[in-house]
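Here it is: the structure, laid out below.
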Amino acid sequence: MDLALTLLPDLDRAQVVVPAPDAGPGNWAGAASAFVADDAVYLAYRVRRPLTAGRGVSTVVARSHDGVRFQTVSEVWRDDFGAESFERPVVVRTPAGGWRLYVSCATPGSKHWWIEAVDAPRPEDFATGRRTVVLPGSDSVAVKDPVIVLDDAGGWHAWICEHPLTEVGHEDRMSTAYHRSADGLAWERVRTVLAPRPGEWDARGARVSAVVSLDPLVVLYDGRERAEDNWHETTGVARAKRSGDPASLLVGDDAEPLRSPFSDGACRYATSVTMPDGTRRHYLEVARPDGAHDLVTTTG
């Protein structure tokens, strides 16, 4: 069996954990990240409406003890951040014992994005937490959709999706840069580690969505071939060219990406965690027949 296939989630076993907020295209629940603490899974995800109805309106943090049935513990709203839309959030517990929520924020009236962190004593307190802009982006680059990992030594690692803003009409292009930090607030950009491959299924964009293993470095990533596939990415596997280095360049496997069999085919923003019983659980945003996207989970 192809090793790439064994790393990809099995959609035949998927269960819906958060349904889309409404029927039809543009209604999405997903772009999730997951974190395990105190024998519970914490899931952060964004709720999105169509372009004419508000786009990414809120980020939700929910908790579950079985990985399937979640209860909302907090919710933050784009208007409170002065954002036009939200995309992928990340929730983590810091080494000091507090909690941190990273949110991807769209600058109104532009293609620019920035990333902000919210620190709070408990996940229930994010709405009133301390906010810090950690990655502001620039006039030439939008930053969003972080993947953040803390290593055993307390080091912080981040894979950040970057969209170039230098060519009008081509801002959908995307690549992934690796950053490192001592505290998860002040980040150093090291380099681009995953880029589109001309002529391949990821020719228009390549965005790391989950770190399956830090050493050896193996990731799941979103890709798309054309600008028309924006918002309808599919999921593949990439591996480090050099072992023992989280800043290593990543190379996508040759296997076909995982896609939904329905509507726009979207199967994206995969994230995975090791459950308290040792099993691995994946969460993904997946297109359904009516064009909406559900947040689903599967084990494997």
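If you take the residues in region 275-300 that are of a type in the set (Asp, Glu) and over 19 Å from the mean Cα position of the chain (by Cα), which one is modelled with the highest pLDDT? Spell out the reasoning first.
First, the residues of region 275-300 that are of a type in the set (Asp, Glu): 277, 285, 290, 294.
So of that shortlist, the ones also over 19 Å from the mean Cα position of the chain (by Cα) come out as 277, 290.
Numbers: 277: 88, 290: 97.
Selected residue: 290.
Of these, 184, 205, 199, 154, which one is under 28 Å from residue 75 (Cα atoms) and at pLDDT 95 or above?
Going through 184, 205, 199, 154 in turn, the sole match is 184.
Could I ask something else about it? Within region 243-274, how many residues turn out to be at pLDDT 95 or above, open to solvent by 70 Å² or more (accessible area, probe 1.4 Å) and within 20 Å of residue 300 (Cβ to Cβ)?
Residues that pass the stated criteria total 2.
Can you tell me how many residues in region 251-300 are among the hydroxyl-bearing types (Ser, Thr, Tyr) and within 19 Å of residue 208 (Cβ to Cβ)? Please lay out each step first, then the result.
Restricting attention to region 251-300, the residues satisfying the condition of being among the hydroxyl-bearing types (Ser, Thr, Tyr) are 260, 263, 269, 271-272, 274, 279, 283, 297-299.
Okay, now just the ones that are also within 19 Å of residue 208 (Cβ to Cβ), so 269, 271-272, 274, 283.
Qualifying residue count for the region: 5.
Just wondering, is there one or more residues in region 89-104 that are within 25 Å of residue 166 (Cβ to Cβ) and in a loop (DSSP other than H, G, I, E, B)?
no
Out of all the residues in region 190-210, is one or more in a strand (DSSP E or B), in contact (Cβ under 8 Å) with a residue 24 or more places away in the chain, of a type in the set (Lys, Arg) and open to solvent by 40 Å² or more (accessible area, probe 1.4 Å)?
Yes, region 190-210 contains at least one residue that is in a strand (DSSP E or B), in contact (Cβ under 8 Å) with a residue 24 or more places away in the chain, of a type in the set (Lys, Arg) and open to solvent by 40 Å² or more (accessible area, probe 1.4 Å).
Mind listing just one residue for me: the one in region 84-106 that is hydrophobic (A, V, I, L, M, F, W, C) and open to solvent by less than 10 Å² (accessible area, probe 1.4 Å) and, of those, nearest to residue 153 (Cα to Cα)? Break it down into steps so the answer makes sense when it comes.
Here is the first cut: in region 84-106, the residues hydrophobic (A, V, I, L, M, F, W, C) are 86, 90-92, 96, 99, 101, 103, 105-106.
Narrowing the set further to residues that are open to solvent by less than 10 Å² (accessible area, probe 1.4 Å) leaves 86, 90-92, 101, 103, 105-106.
Values: 86: 31, 90: 20, 91: 19, 92: 16, 101: 21, 103: 25, 105: 30, 106: 33 Å.
The extreme case among them is 92.
Working only within region 149-163, note down all residues that are out of contact with any Gly (no Cβ under 9 Å at 6 or more places or on another chain) and open to solvent by 40 Å² or more (accessible area, probe 1.4 Å).
Answer for region 149-163, where residues must be out of contact with any Gly (no Cβ under 9 Å at 6 or more places or on another chain) and open to solvent by 40 Å² or more (accessible area, probe 1.4 Å): 151, 152, 153.
Here is a follow-up. Output the number of residues of region 261-291 satisfying the condition of being touching a residue at least 40 places away in the same chain (Cβ under 8 Å), among the charged types (D, E, K, R) and assigned to a strand (DSSP E or B).
Adding up the residues that qualify gives 3.
The values are calculated or read from the model by the stated rules, or taken from the named source; none is laboratory data. The structure presented is a predicted model; accordingly, all values stated were derived computationally and were not measured. Glycine also receives a Cβ, built like all others from the backbone with ideal geometry; neighbour counts cover every protein chain displayed. Calculation scope for accessible area: heavy atoms of the full protein, side chains included, ligands and nucleic acids excluded. Shrake-Rupley method; radii C 1.70, N 1.55, O 1.52, S 1.80 Å.
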